[in-house]
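A.B. asks: I have a structure I would like to understand better, so I am pasting it below and will then ask my questions one at a time.
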Amino acid sequence: MFSQRIRNEELLNRLVTAEEAATWIQDGMTLGLSGFTRAGDVKQVPRALVDRAKKSGESFKVNVYTGASMGSEIDAIMAEAGIVNIRLPFQADGQMRAKINGGEINYIDQHLSHTSEAIRSGSIPPIDIAIVEAVAVTEDGGIVPSTSVGNSAIFAEYAKEIIIELNLRQSPALEGIHDIYTPAEQGERGPIPLTQVDQRIGTAAIHVDPAKIKGIVVTDESDSPSTIVPPDEETAQIAAHLLELLRAEVAAGRLPNTLAPMQSGIGSVANAVFHGFLDSEFTDLEVYSEVLQDAVFDLLDAGKIRFASGCSITLSPEKSEQVMKDLDKYKDRLLLRPQEISNHPEIVRRLGLIAINTALEFDIYGNVNSTHVMGTNMMNGIGGSGDFARNSRLGIFVTKSTAKGGAISSVVPFVSHVDHTEHDVDIVVTEQGIADLRGLAPRQRAQVIIDNCAHPMYRPQLQAYFDEACKRGGQTPHVLEKAFSFHDRFRETRSMLEQVEEKQPVC
């Protein structure tokens, strides 16, 4: 029955239920789960593990490593069941976020290119069991991933045992779009031989010793849909500002007409920015990114993108149905790679990427906070933004100038948590405008950001802070006792906007 999907006859004898596979997981184990941004994630075995915990009442905890965020509510139910000790390197679930911020889960927020190196070096607990979603298993036991690669290759290589979730709902046409390449140990490896976005340097499957495959669980479930929303007026304006910048770079001779390979972070704002290219003059574009969202396939359909390399395919329900039905038409213009390759600093620098990522807030000097709300509460994680920003040709961060109906300014005197220092940020963009920080000293950067990116209702407050700071002097002027005044005001009044008391007329 499964001979087309499991082409190694010996492995046909290892079919098990999710419930049986879950019994192999013991207290204190470390699990490497496939999945990258709600795509290609394992589904049934984690659920069975949670059910086991609830029904048996036994107390146990496991360490959970993934590529990035999980779909199918896996992070949520594992957090709710209280079975997670360590979680890394990225998550995006509200219930798990609450447990992390409550100190109940030890969350290790990592650059997404770093996890594989931490596993190789042994600096984090070793993986006991890798659980990987696949669309097929080859004759020699090669695991063909589904809609993401993520960290699956490194998990499978270093795990003591492997459980495969063979997902019959995932299209078998996905076989052939993966390019699995694993660098050697540090100190022993040569250059990664990737010099073009469309270059294949690895294999179409994750090759492991078939003896490590302890069991295969057959599943039939779609990936969770993307949570992105269509572009709105503000994100469309951000895209327009960015396009004007790129046109200026072309006119100045710093970019060719086809620009440079582009990377875009996850989420609605980044997706909307890519959508802006649909009505632009730019064609023959290349994408070298992590997540390939709706906008990438819209641009492929429109003939705007020549080739796209990523780590996962994360789509809305409508777009997913169309793409998977017509997958063959994309296969010669698409590759999925392990995240340590899609995010590798060596490749990012070599290809000269234009990196577009999202900020929670940035300050007047260009420091960016991507992860912590009000400086202390983790949102999702740094993801791959640091991998790209520091090493790209253009490190761009985008955000709306305000949040919470204007109660929060995304431009502040000093970010409440620093993920990307001013040294790694070339350009910041809001719907208000664009600030090109290249070649500017700190005081120059501050004025450009206040003038071009801050919302008009917050500009007077920011200007007053900057003017007072400049009177105190310094290379990067600050009024330390007021540096977090915006955040303090929001904590006390639920708005960063300074309330000006109206003076009553004197009769």
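A.B. asks: Do you know which residues across the stretch 114-158 are within 22 Å of Thr37 (Cβ to Cβ) and free of Cβ contacts under 8 Å to residues at least 24 places away in the same chain?
C.D. replies: Correct list: Ala118 only.
A.B. asks: Another question, then. If I go through the stretch 143-156 residue by residue, how many of them are part of a loop (DSSP other than H, G, I, E, B) and over 18 Å from Val218 (Cβ atoms)?
C.D. replies: To start, the set of residues in the stretch 143-156 that are part of a loop (DSSP other than H, G, I, E, B) comprises 146-147, 149, 151.
Imposing the further condition that a residue be over 18 Å from Val218 (Cβ atoms) reduces the set to 149, 151.
Qualifying residue count, the stretch 143-156: 2.
A.B. asks: Continuing with the same structure: Scanning for something of a type in the set (Val, Ile, Thr) and assigned to a loop (DSSP other than H, G, I, E, B), does the stretch 157-177 turn up at least one residue? Reasoning before the result, please.
C.D. replies: At the first step, the residues of the stretch 157-177 found to be of a type in the set (Val, Ile, Thr) are 162-164, 177.
After this cut, where a residue has to be assigned to a loop (DSSP other than H, G, I, E, B) as well, the list is 177.
Scanning the stretch 157-177, I find at least one residue that is of a type in the set (Val, Ile, Thr) and assigned to a loop (DSSP other than H, G, I, E, B), so the answer is yes.
A.B. asks: From the list Leu278, Leu292, which residue is open to solvent by less than 10 Å² (accessible area, probe 1.4 Å) and touching a residue at least 12 places away in the same chain (Cβ under 8 Å)? First the steps, then the outcome.
C.D. replies: Values: Leu278 fails: open to solvent by less than 10 Å² (accessible area, probe 1.4 Å).
That would be Leu292, the only listed residue that is open to solvent by less than 10 Å² (accessible area, probe 1.4 Å) and touching a residue at least 12 places away in the same chain (Cβ under 8 Å).
A.B. asks: Please work out if Val149 is out of contact with any Gly (no Cβ under 9 Å at 6 or more places or on another chain) and under 27 Å from Lys325 (Cβ atoms).
C.D. replies: So Val149 does not fit the description; no.
A.B. asks: Out of the residues in the stretch 190-235 that are in a loop (DSSP other than H, G, I, E, B) and small (Gly, Ala, Ser), which is farthest from Thr147 (Cα to Cα)?
C.D. replies: The first filter runs over the stretch 190-235 and keeps only residues in a loop (DSSP other than H, G, I, E, B), leaving 190-202, 204-205, 207-209, 220-232.
Keeping just the survivors that are small (Gly, Ala, Ser) gives 190, 202, 204-205, 222, 224, 226.
Working: Gly190: 29, Gly202: 17, Ala204: 13, Ala205: 13, Ser222: 10, Ser224: 11, Ser226: 13 Å.
The selected residue is Gly190.
A.B. asks: Right, something else. Mind counting the residues in the stretch 132-171 that are open to solvent by 10 Å² or more (accessible area, probe 1.4 Å) and either of a type in the set (S, T, N, Q) or closer than 16 Å to Leu11 by Cα (or both)?
C.D. replies: 6
A.B. asks: Next up: In the stretch 172-188, which residue that is out of contact with any strand residue (DSSP E or B) (no Cβ under 8 Å at 6 or more places or on another chain) and among the acidic types (Asp, Glu) is least open to solvent (accessible area, probe 1.4 Å)? Give the steps one after another, and end with the answer.
C.D. replies: In the first step, residues of the stretch 172-188 are kept if they are out of contact with any strand residue (DSSP E or B) (no Cβ under 8 Å at 6 or more places or on another chain); the result is 173, 176, 183-188.
Filter once more, keeping what is among the acidic types (Asp, Glu): 185, 188.
Values: Glu185: 71, Glu188: 142 Å².
Filtering the stretch 172-188 for residues that are out of contact with any strand residue (DSSP E or B) (no Cβ under 8 Å at 6 or more places or on another chain) and among the acidic types (Asp, Glu), the one least open to solvent (accessible area, probe 1.4 Å) comes out as Glu185.
A.B. asks: Let me ask something else. Would you check which residues across the stretch 228-251 are surrounded by fewer than 21 Cβ atoms within 10 Å (Cβ to Cβ) and touching a Lys or Arg at 6+ places or on another chain (Cβ under 8 Å) and list them?
C.D. replies: Glu234, the sole residue that qualifies.
A.B. asks: Given the conditions (1) in contact with a Ser or Thr (Cβ under 6 Å, 6 or more places away or on another chain); (2) under 23 Å from Pro460 (Cβ atoms), and given that Ile382 satisfies all but one, which numbered condition is not satisfied?
C.D. replies: All conditions pass for Ile382, except number (2).
A.B. asks: Assuming Pro191 fulfils every condition listed in (1) of a type outside the set (Phe, Trp, Tyr); (2) open to solvent by 30 Å² or more (accessible area, probe 1.4 Å); (3) in contact with a strand residue (DSSP E or B) (Cβ under 6 Å, 6 or more places away or on another chain) apart from one, which condition is it?
C.D. replies: (3)
A.B. asks: Considering only the stretch 443-465, state which residues are touching a residue at least 24 places away in the same chain (Cβ under 8 Å), assigned to a helix (DSSP H, G or I) and open to solvent by 10 Å² or more (accessible area, probe 1.4 Å).
C.D. replies: Let us first name the residues in the stretch 443-465 that are touching a residue at least 24 places away in the same chain (Cβ under 8 Å), namely 443, 445-446, 449-450, 453-458, 461-462, 465.
Restricting the remaining residues to those that are assigned to a helix (DSSP H, G or I) gives 443, 445-446, 449-450, 461-462, 465.
Within the stretch 443-465, Arg443, Arg445, Gln461, Tyr465 meet the criteria.
A.B. asks: Quickly run through the stretch 194-209 and pick out the residues that are more than 23 Å from Gly122 (Cα to Cα) and open to solvent by 30 Å² or more (accessible area, probe 1.4 Å). Working first, answer last.
C.D. replies: Going residue by residue through the stretch 194-209, those that are more than 23 Å from Gly122 (Cα to Cα) are 194-205.
Selection gives Thr195, Gln196, Asp198, Gln199, Arg200, Ile201, Thr203, Ala204.
A.B. asks: So for the stretch 328-336 (the condition being within 17 Å of the chain's Cα centre (by Cα), at pLDDT 95 or above and either among the acidic types (Asp, Glu) or buried (at least 21 other Cβ atoms within 10 Å of the Cβ) (or both)), does at least one residue qualify?
C.D. replies: Filtering the stretch 328-336 for residues within 17 Å of the chain's Cα centre (by Cα) gives 336.
Add one more test, that the residue is at pLDDT 95 or above, and what stays is 336.
Still in the list and also either among the acidic types (Asp, Glu) or buried (at least 21 other Cβ atoms within 10 Å of the Cβ) (or both): 336.
Scanning the stretch 328-336 turns up at least one residue that is within 17 Å of the chain's Cα centre (by Cα), at pLDDT 95 or above and either among the acidic types (Asp, Glu) or buried (at least 21 other Cβ atoms within 10 Å of the Cβ) (or both).
A.B. asks: OK, next. Return the total of residues in the stretch 296-317 being outside any strand (DSSP E or B) and crowded, with 24+ Cβ neighbours inside 10 Å. Lay out the reasoning, then the answer.
C.D. replies: Taking the stretch 296-317 first, the residues outside any strand (DSSP E or B) are 296-304, 311, 314-317.
Next cut, crowded, with 24+ Cβ neighbours inside 10 Å only: 296, 311, 314-315.
Residues meeting the conditions: 4.
A.B. asks: Right, something else. Test Arg52 against the stated conditions and say whether it is under 19 Å from Ala159 (Cβ atoms), more than 18 Å from the chain's Cα centre (by Cα) and touching a residue at least 24 places away in the same chain (Cβ under 8 Å). Lay out the reasoning, then the answer.
C.D. replies: Working: under 19 Å from Ala159 (Cβ atoms): no; more than 18 Å from the chain's Cα centre (by Cα): yes; touching a residue at least 24 places away in the same chain (Cβ under 8 Å): yes.
The answer is no for Arg52.
A.B. asks: Test of understanding: among Lys471, Lys404, which residue is open to solvent by 80 Å² or more (accessible area, probe 1.4 Å) and either within 26 Å of the chain's Cα centre (by Cα) or closer than 26 Å to Phe388 by Cβ (or both)? Give the steps one after another, and end with the answer.
C.D. replies: Numbers: Lys471 fails: either within 26 Å of the chain's Cα centre (by Cα) or closer than 26 Å to Phe388 by Cβ (or both).
After applying the criteria, what remains is Lys404.
The values are calculated or read from the model by the stated rules, or taken from the named source; none is laboratory data. Everything numeric here is computed off the predicted structure, so don't read it as measured data. Because the Cβ atoms are built from the backbone with ideal geometry, glycine has one as well, and the counts that use them run over all protein chains shown. Accessible surface areas use protein heavy atoms only, side chains included; no ligands, DNA or RNA. Shrake-Rupley method; radii C 1.70, N 1.55, O 1.52, S 1.80 Å.
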